[in-house]
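Participant: Before we start, here is the structure in question, set down as structure tokens.
Since every read-out is calculated from the coordinates, none of them should be taken as a lab result. Being a predicted model, the structure only gives us computed values, none of them experimental. With ideal geometry, Cβ positions are generated from the backbone for all residues, glycine too; neighbour counts draw on all protein chains shown.
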Amino acid sequence: MEPAVSNGRLEVSCGNKIPKSTPCPRPVPGEASGGCSFDGAQITLIPIADAAHLVHGPIACLGNSWESRGSLSSGPELSAYGFTTDLGEQDIIFGSEQKLHESIRYIVSRFAPPAVFVYTTCVTALTGEDIEGVCKAESERLGTPIIPVNSPGFVGSKNLGTRLAGDVLFQHIIGSTEPEQTTSHDINLIGEYNIAGEMWHIERLMQQAGMSILSRITGDGRFREVGWAHRAKANMVVCSRALLGLAVQMERKYGIPYFEGSFYGAKETSYSLRQMAYLTGDRDVERRVDKLAAREEMRLSLELEPYRKQLKGKRAVLYTGGVKSWSVITALQELGIKVVGVGTNKSTAEDVSRIADRIGDDAEYIPEGGARQILKTVRSRKADMVIAGGRNMYMALKEQIPFVDINQERHKAYAGYDGLLSLAKQLVHTLQHPVWELTAKLAPWEEETEFAD
Amino acid sequence: MLIKSATKPVSVNPLKVGQPLGGVLALQGMYRSMPLLHGAQGCSAFSKALLTRHFREPIAVQTSALQEMDVIFDADRNLEEALDHIWSKHHPDVIGVISTALTEVAGVDFQSRVKAFKRERALKDSLLFSVSLPDFHGSLETGYSSTVESLMDAVLGLAGGKSPKKQRRTQVNLLPASYLTAGDVMEIKDIIASFGLEVITLPDISTSLSGHLLTGFSPLTRGGTPLDSACQMLESSCTIAIGASMERPARRLTHAAGIPYHLFAGLSGLAASDAFIHFLQKISREPAPVRFRWQRENLLDSMLDAHFYYSGASAVVALEPDHMLSTAAWLEEMGVELKRLITPCSTPALQKTEREVWIGDLDDAEESAQGVDLWISNSHGRKGAARAGASFVPAGLPVYDELGAHTSVSVGYRGTMEWVNKVGNVLLAERGRGG
Ligand code: SF4
């Protein structure tokens, strides 16, 4: 990975440009997959657990999507509530601004949240409601930040929505509050959503090395806490291309250095911790990280031994979309697994080059095509398993291909040193499960009919 | 009838889902079909994810993938492109074009574009139809039944719309409501068949979403009613509609081909099962098979065993309209006090019921659930039930935190018994905790 520093002094973080919003290729009607920008914005902001998230539009946007992610909260549960203006025909004909006003007031008076996020959706964007105006008026009236999130589904892909949510964080929230105290070892995590509690693992590791998380952006986040993110010593962007722009903007405005990293695999985990420690500028913390990494890697390699033996040489097709691909590849390689196919459908050129660094030309790159292409690759490369998001799980099961879920809906934490061990166990248990043999065999009476024919 | 609704301006923890979801669900019950949502791509992605989570099966659905500029300039160009793409690549037997709130509000005339496409391509042996399902009306149930109605019209059009040449006395049509699981549909088909009747089901999710092991990926549905069977519905001697929402599609067959229909509001509970068996005995002119005698007795015995735990129990039920009514009926047979019945939208059947019904959300359920024993709703209700201290029983859609919800059976004597025991066990466990 690119070093974030040169000459021992901090000059540029990895890449000093905001990733351009490359005009996303237009989705092909009749062959599109993936969520909308509203979805992306929601995924990014909903983990702010104590805020209320209000979706302004007809029912489908919220009704079909809430409670579908595995982001966990250690405390407040308000963001797990589904709030929507649930517009009816009359609201659309006569305008729904009044309804939005009333909805915001209702939520604030009943739940007293530190903030309300108000999401535009296709219909309310099309009818041209003045959502920003409503939010502004209600912020003033109620004394609670009411934050418009202008990322309706039809502007583009999920990734674009995530980027737009990053802008919302930067423009409306970061810099709005001050922490009670800071230390010189405060780090922000950006793009870590605490799926299945992964962030808690990472936080424990950081604490052991004498570092702490100042703002969680946004997994298990709190609204006020995100507001004081500008006081951190460094930003780590965790597996998120779409939120890189946020880190770049923060570096420009507040001079906070950042780096991109991942916690999948022991190597990446140690690298990320070292990088953090380095950016705190504290030699002592660096030494502690070195010790911690050495100790953990040693322990891990002992504990992984039996699993490595069973996984060695196994072949996997990985289809995660985007940044996670390269970091998961590293983790799999540490377990002795050969990645023979990898999805690059949502990856940027930079992601692809990182993937190439890790697997070279040995693997098949799957730029698009979803299920059908994944299966083709599994067959042609004789893969033993598919590692992908829930969307493709049942396709794999139908073909009786062992499957491990790696995306947002999963219930297992794979980050950090212990996470790699969990992943190894999960892979072994999946591959060795008796069900594969059972499904591969015909019923005895079916065989007999065959003979009779 | 008494319909109430809370006065809050905002929906908190909605029970409602968008109508297009119902349309997508209905089309999963047609063989080699593809629902095409005319809207931005998020709507189809959410529908797919939600149904996949519930059924634990791949779901067929596509989108016209509108983006902002398409909506402003020519949304129907996208539609045509999508149709073209799906048609030339996958040759489905059925495509249902389903509008979304976005295309409805944009006021595009997609219906005539669909007709034009059909004419130009001279599609003869396949079915292309459209249905208008804005999210700002109704919910899952209405989306599903409207789609079945449009599908029925399209089938009638394909079959010539004339009265059939011959009528088969022993052939009947079955129109199952949206809330019936793949297991339910299978059970109902089985019950009907045990009277020596042949049954054509539309739509039939029992052969597409109950869990097949077909290999060879296809983006189209892998089971469901084949189009030619659907066309043979015109030769049936009668139509059996389960759930009030299926009355309108059933009526289409009556109007077009003079086929009488019989409506059953639900098939859960002793009375509902009795009525159904009695009806089948009459139309088949066959005595009820002896197994129903057994099943009925088993059910009654279970009800006796369970009544200790049910007596004095109270419940909040939050489900789609037909499902809610059917569930209320069997719970009442078990002596459960119905504290509040909640449903996401109003329907003609609700206007007629004598029960007090709330049009509302899961927050309205929570408000009334303090001190109540049971909470029955989709999985989104779990947290609210826990806050209110009520025991939670998942039902409806989506159920994503329990295995087998999509194949569990709640109809007929056997299905009722399954639920009497399932809910009874929850009450029993609660009692064990001193609840
Ligand atoms: S595409 Fe638009 S209407 Fe559909 S879910 Fe996304 S925001 Fe809502």
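Participant: Please average, across the residues of B:216-226, the number of beta carbons from any other chain that are within 10 Å of each residue's own beta carbon, and give a whole number.
Facilitator: 2
Participant: Another question, if that's okay. Give the relative contact order (percent, whole number) for chain B; include only Cα pairs under 8 Å separated by 6+ residues.
Facilitator: Details: 930 pairs, mean separation 87.6, N = 435.
Over chain B, the number comes to 20 percent.
Participant: In a GNM of chain B with a 10 Å cut-off on Cα contacts, which of B:390, B:65, B:49 has the highest mean-square fluctuation?
Facilitator: Result for chain B, Cα springs under 10 Å: B:49 fluctuates most.
Participant: Continuing with this model, one more query. How much mean residue ellipticity at 222 nm does the protein assembly as shown get from its helices, if each DSSP H run of length 4 or more adds -39500 (n - 2.57) and you divide by all residues, to the nearest 500 deg cm²/dmol?
Facilitator: The helix contribution divided over the protein assembly as shown gives -14000 deg cm²/dmol.
Participant: Can you give the alpha-carbon Rg of the range B:202-274 over 2.2 N^0.38 Å, where N counts its residues? Could the numbers behind the result be given before it?
Facilitator: Details: Rg = 15.2 Å, N = 73, 2.2 N^0.38 = 11.2 Å.
Taking the Cα Rg and dividing by 2.2 N^0.38 Å, one obtains 1.36.
Participant: Report the semi-axes of the equivalent ellipsoid for the range A:300-453 in whole Å, largest first, where each axis is √(5λ) for an eigenvalue λ of the Cα gyration tensor.
Facilitator: Numbers: eigenvalues 163, 79, 37 Å².
Three semi-axes, in Å: 29, 20, 14.
Participant: Further, regarding this structure: Could you tell me what fraction of 2.2 N^0.38 Å the Cα radius of gyration of the range B:358-420 comes to, as a two-decimal ratio?
Facilitator: Details: Rg = 12.6 Å, N = 63, 2.2 N^0.38 = 10.6 Å.
Taking N as the residue count of the range B:358-420, the ratio is 1.18.
Participant: Here's another thing I want to ask about it. For the range A:93-190, what does the convex hull of the Cα positions come to per residue, in cubic angstrom? Don't skip to the answer; put the middle values down first.
Facilitator: On the way: hull volume 11.7 nm³, N = 98.
Dividing the Cα hull volume of the range A:93-190 by its residue count gives 120 Å³.
Participant: Please compute P(r) over all alpha-carbon pairs of the protein assembly as shown, binned at 10 Å starting from zero, and give each bin as a whole-number percent.
Facilitator: Pairs per bin, as whole percents: 2, 12, 21, 24, 21, 13, 5, 2, 0, 0.
Participant: Place +1 on the Cβ of every Lys and Arg and -1 on the Cβ of every Asp and Glu in the range B:54-212, take the dipole about the Cα centre, and give the residue among B:167, B:136, B:212 whose Cα lies farthest towards its positive end.
Facilitator: Going by the Cα projections, it comes out as B:167.
Participant: Give the Rg/Rh ratio for the range A:306-376, taking Rg as the radius of gyration of the Cα atoms and Rh as the Kirkwood radius, to two decimals.
Facilitator: 0.97
Participant: Quick check: Cα centre of the range B:265-306 to Cα centre of the range A:145-204, how many Å?
Facilitator: Each part reduced to its Cα centre gives a spacing of 58 Å.
Participant: Something else now. Which far-off residues, 5 or more places away or on another chain, put their amide H under 5 Å from the one on residue B:97, with H placed in the peptide plane?
Facilitator: B:36, B:129, B:130, B:131
Participant: Hey, got the dipole for the range B:208-320? About the Cα centre, +1 on K and R Cβ, -1 on D and E Cβ, debye to the nearest 20?
Facilitator: Computed charge dipole of the range B:208-320: roughly 260 debye.
Participant: Using amide H atoms built 1.01 Å from N in the peptide plane, name the residues 5+ places from residue B:395, or on other chains, whose amide H lies under 5 Å from its own.
Facilitator: Under 5 Å from the amide H of residue B:395 lie the amide H atoms of B:377, B:378, B:379, each far enough along the sequence or on another chain.
Participant: Rounded to the nearest 0.05, what FRET efficiency is calculated for residue A:303 and residue A:436 with R0 set to 22 Å and r the Cβ-Cβ distance?
Facilitator: Computed FRET efficiency for residue A:303 and residue A:436 comes out at 0.30.
Participant: So for the range A:296-354, averaging the separation of alpha carbon pairs under 8 Å that are six or more residues apart and normalising by length, what relative contact order in percent results?
Facilitator: After rounding, I find 37 percent.
Participant: For chain A, what relative contact order do you get, as a whole percent, if you take Cα pairs closer than 8 Å and at least 6 residues apart? Provide the component values of the computation, followed by the final result.
Facilitator: Numbers: 831 pairs, mean separation 64.1, N = 453.
Reported relative contact order: 14 percent.
Participant: Same structure, new question: List the GluC sites (Glu not before Pro) in the range A:160-262 that DSSP assigns to loop (not H, G, I, E or B) and whose Cβ has at most 16 other Cβ atoms within 10 Å. Which are they?
Facilitator: On the way: sites: A:180, A:192, A:198, A:203, A:225, A:251, A:260; in loops: A:180.
Taking the range A:160-262 and a limit of 16 other Cβ atoms within 10 Å, the loop GluC sites (Glu not before Pro) found are A:180.
Participant: Report the residue, chosen from B:166, B:422, B:383, that carries the largest GNM mean-square fluctuation when chain B is represented by alpha-carbon nodes joined by springs under 10 Å.
Facilitator: Its mean-square fluctuation being the largest, the pick is B:166.
Participant: Once you place label points 7 Å from the Cα toward the Cβ at residue B:228 and residue A:376, how far apart are they in nm?
Facilitator: So the label points at residue B:228 and residue A:376 sit 3.2 nm apart.
Participant: Then there is this: No solvent, one uniform scatterer per C-alpha: report log10 I(q)/I(0) for the range B:252-319 via the Debye equation at q = 0.12, 0.19, 0.28 1/Å, two decimals.
Facilitator: Normalising to I(0) and taking log10 leaves -0.52, -0.93, -1.23.
Participant: Quick check: from the Cα gyration tensor, does the range B:182-224 come out rounded (a/c under 1.5), prolate or oblate?
Facilitator: It is prolate, given that a/c is not under 1.5 and a/b is the larger ratio.
Participant: How would the range A:207-345 be classified by its alpha-carbon gyration tensor: rounded, prolate or oblate, with rounded meaning a/c under 1.5 and the a/b versus b/c comparison settling the rest?
Facilitator: oblate
Participant: So, one more: ³J(HN,Hα) across the range A:38-55 via Karplus (A = 6.51, B = -1.76, C = 1.60, θ = phi - 60°), whole Hz, x for Gly/Pro?
Facilitator: For the range A:38-55, the Karplus curve yields 4, 4, x, 5, 5, 4, 6, 9, 4, x, 5, 6, 8, 7, 9, 10, 10, 9 Hz.
Participant: Taking only Cα atoms and a 10 Å spring cutoff, compute GNM fluctuations for chain B and point out the largest among B:120, B:366, B:187.
Facilitator: Maximum fluctuation in the GNM of chain B, among the listed residues, is at B:120.
Participant: Turning to a different aspect of this structure: Using θ = phi - 60° and the Karplus relation 6.51 cos²θ - 1.76 cosθ + 1.60, list the HN-Hα couplings for the range B:287-298 in order, rounded to whole Hz, with x at every Gly or Pro.
Facilitator: Result, rounded to whole Hz: x, 5, x, 5, 5, 6, 4, 5, 4, 5, 5, 4.
Participant: If Lys and Arg each add +1 and Asp and Glu each add -1, what is the summed charge of the other residues whose beta carbon sits under 13 Å from the beta carbon of residue A:36?
Facilitator: Local net charge: 0.
Participant: Could you please rank B:3, A:104, placing first whichever residue has the fewest other Cβ atoms within 10 Å of its Cβ? All intermediate terms of the calculation are to be shown ahead of the outcome.
Facilitator: Details: B:3 14, A:104 28.
Ordered from fewest to most neighbouring Cβ atoms within 10 Å, B:3, A:104 come out as B:3, A:104.
Participant: Something else about it: Once a ≥ b ≥ c are taken as the square roots of the eigenvalues of the Cα gyration tensor of the range A:42-111, is the result rounded (a/c under 1.5), prolate (a/b larger than b/c) or oblate (a/b not larger than b/c)?
Facilitator: Details: a/c = 3.27, a/b = 1.64, b/c = 2.00.
In terms of gyration-tensor shape, oblate.
Participant: Of all DSSP beta bridges in chain A, what percent run antiparallel (nearest 5)?
Facilitator: The answer is about 5 percent antiparallel.
Participant: Output ³J(HN,Hα) for the range A:156-171: one whole-Hz value per residue in order, computed from phi by the Karplus curve 6.51 cos²θ - 1.76 cosθ + 1.60 with θ = phi - 60°, and x for Gly and Pro.
Facilitator: x, 7, 4, 4, 4, x, 4, 5, 5, 5, x, 4, 4, 4, 5, 7
Participant: In the protein assembly as shown, what % of DSSP beta bridges are antiparallel (nearest 5)? Working shown, then result.
Facilitator: Numbers: 5 of 92 bridges.
Among the beta bridges of the protein assembly as shown, antiparallel pairing accounts for roughly 5 percent.
Participant: Output the direction-averaged projected area (hull surface divided by four) of the convex hull of the alpha-carbon atoms of chain A, in nm².
Facilitator: 25.5
Participant: Hey, can you grab everything whose amide H is under 5 Å from the amide H of residue A:59? Only 5+ residues off in sequence or another chain; H modelled, so Pro and N-termini drop out.
Facilitator: A:87
Participant: Another question, if that's okay. Apply 1/(1 + (r/R0)^6) to the Cβ-Cβ distance of residue B:271 and residue B:3, taking R0 = 30 Å, and write down the FRET efficiency to the nearest 0.05.
Facilitator: 0.80
Participant: Now for a different question. Around residue A:76, with a cut-off of 12 angstrom between Cβ atoms, what is the net charge of the other residues, counting Lys and Arg +1 and Asp and Glu -1?
Facilitator: So the surrounding residues net to -2.
Participant: Compute the normalised compactness of chain B: alpha-carbon radius of gyration over 2.2 N^0.38 Å, N being the residue count.
Facilitator: Dividing the Cα radius of gyration by 2.2 N^0.38 Å gives 0.98.
Participant: Across peptide A:50-62, how many C-beta atoms of other chains are within 10 Å of each residue C-beta, on average?
Facilitator: Average neighbour count from other chains, rounded to a whole number: 6.
Participant: Along the positive direction of the dipole of chain A (beta-carbon charges: Lys, Arg +1; Asp, Glu -1; about the Cα centre), which of A:302, A:264, A:197 reaches farthest?
Facilitator: A:302
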